[in-house]
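K.L.:
Quick one: this structure, given as structure tokens, is what I'll be asking you about.
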């Protein structure tokens, strides 16, 4: 994921319905193991030893979306919706995409809502919606919430 | 399936800067707000904070361990990030059943820090399989 230094990029050109990326992606066994270690959840997977943690898929797709948007440093993640459709095995390629749902400015903060999907054939493995807040003045104006 | 549990209790996680760095590598999210003390000092947070998705993973862990495959096959989570989590904080996910019908159970979920502050609040829906 790329983040600018303290430069606030012009994100005003993002339009609802705009596709940010659409490509095949997979969570490898190594990446799944790294994710488990990072979140401290080393217990056997609920759906089998080779199932990817669902949040690892969310992180992968979200990372690709954020990279496409090129968020400025200090962007804040204020809300997240997740819907898991089915377990995914390590290495399985998913058709992943991210689309802009809305892009608005309220009280000096830009709010961008993105919808992300990860699909395995006709089945949706993950549907996610993220709300990101970006101060329109230097970072001292950031909102509550956890940073993205 | 038997009646869904009235409450869910997760394990406590002490969040460390090393863990945040590991998550940054695993997720690719290298926002300096998480990793660069000098950068973070100039923000309202004052120091590096954990990724929201890292902390949200503790809520998903709670639901995955409580419901197993059902969580992965139709589980839904709507979350709001309320407060930052700093290195050294200890957070624990909790769930309280709010409704259950023939098809699904709904829980109010919170990830709470050591001071009793809900850093994440969420609503989780889990399908109930026969």
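K.L.:
Working from Cα positions, state the angle (0 to 90°, nearest 10) between the long axis of helix B:17-27 and the longest principal axis of chain B.
P.N.:
70 degrees
K.L.:
Express the Stokes-Einstein translational diffusion coefficient of chain B in µm² s⁻¹, to the nearest whole number, given a Kirkwood radius over alpha-carbon pairs, 10 °C and a viscosity of 1.306 mPa s. It would help to have the intermediate numbers written out before the result.
P.N.:
Working: Rh = 15.4 Å.
Value of D from the Cα-based Kirkwood radius: 103 µm²/s.
K.L.:
Then there's this: Between residue A:22 and residue B:12, what is the FRET efficiency for a Förster distance of 45 Å, r being their Cβ-Cβ separation, to the nearest 0.05? Don't jump to the answer; show the numbers that get you there.
P.N.:
Details: r = 40 Å, r/R0 = 0.88.
Efficiency, rounded to the nearest 0.05: 0.70.
K.L.:
Would you mind checking the tilt of helix B:52-67 against the longest principal axis of the Cα atoms of chain B, expressed as 0 to 90 degrees and rounded to 10?
P.N.:
Tilt of helix B:52-67: around 20 degrees.
Every number in this text was worked out from the coordinates using simple rules, so none of it is lab data. It should be emphasised that the depicted structure is a prediction, and the values quoted were computed from it without experimental measurement. With ideal geometry, Cβ positions are generated from the backbone for all residues, glycine too; neighbour counts draw on all protein chains shown.
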